[in-house]
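To start, the structure itself, in structure tokens.
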Amino acid sequence: MSLPRALLHLEGAALFAASTWGYFALLEGGLLAYLALLLVPDVSMVGFVRGTRLGALTYNVVHNEALALALAVIGLLSDVPSALGGGLILAAHVGMDRALGYGLKYPSAFRDTHLQRL
């Protein structure tokens with residue numbers, strides 16, 4: 001594994017750890033709710049049923065750090081714990097995916113990601 005790829009995996013692991021910590025420390029969230037919601041972002045893969053172009057779009061819109069950060073900031077600024085929790089769980093999911101080598105999708109195929117070909 002190249003150094004840049006290893007750093008991207010490490011970065012994902014750090015995002016996962018920090019987001020998970022934030023969820024439990026800031027929200028005192030329950031473990032069962034966290035585990036149940038952690039995989040919800042993968043519902044965005046349903047777009048692949050209609051083709052790789054739509055699938056990549058729906059997957060990438062959900063699986064990005066900007067959306068997670070926006071949700072978390074909105075939750076903090078507006079004092080809406082569900083938005084903060086959603087942002088933290090989404091960030092944890094994105095971090096987990098990146099740590100495991102699952103990246104954003106290219107429209108060529110589900111297996112083509114920005115981190116590697118799966």
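The values are calculated or read from the model by the stated rules, or taken from the named source; none is laboratory data. Model, not experiment: these values are computed from the prediction. Note that we place each Cβ from the backbone using ideal geometry, even for glycine, and neighbour counts take in every protein chain shown.
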**Q.** Residues located in segment 83-104, provided they are over 15 Å from residue 71 (Cα atoms) and of a type outside the set (Ser, Thr, Tyr)
**A.** 95, 96, 97, 98, 99, 100, 101, 103, 104
Q.
Consider segment 21-44. How many of its residues are touching a residue at least 60 places away in the same chain (Cβ under 8 Å) and either closer than 16 Å to residue 95 by Cα or touching a Gly at 6+ places or on another chain (Cβ under 8 Å) (or both)?
A. 3
(Q) I'd like the residue in segment 62-94 that is touching a residue at least 40 places away in the same chain (Cβ under 8 Å) and touching a Ser or Thr at 6+ places or on another chain (Cβ under 6 Å) and, out of all such residues, is farthest from residue 11 (Cα to Cα). (A) 88
Q. For segment 1-43, how many residues are at pLDDT below 95, surrounded by 15 or more Cβ atoms within 10 Å (Cβ to Cβ) and under 19 Å from residue 104 (Cα atoms)?
A. 2
Q | Restricting segment 71-118 to residues that are touching a strand residue (DSSP E or B) at 6+ places or on another chain (Cβ under 9 Å) and basic (Lys, Arg), the residue that is farthest from residue 40 (Cα to Cα) | A | 117
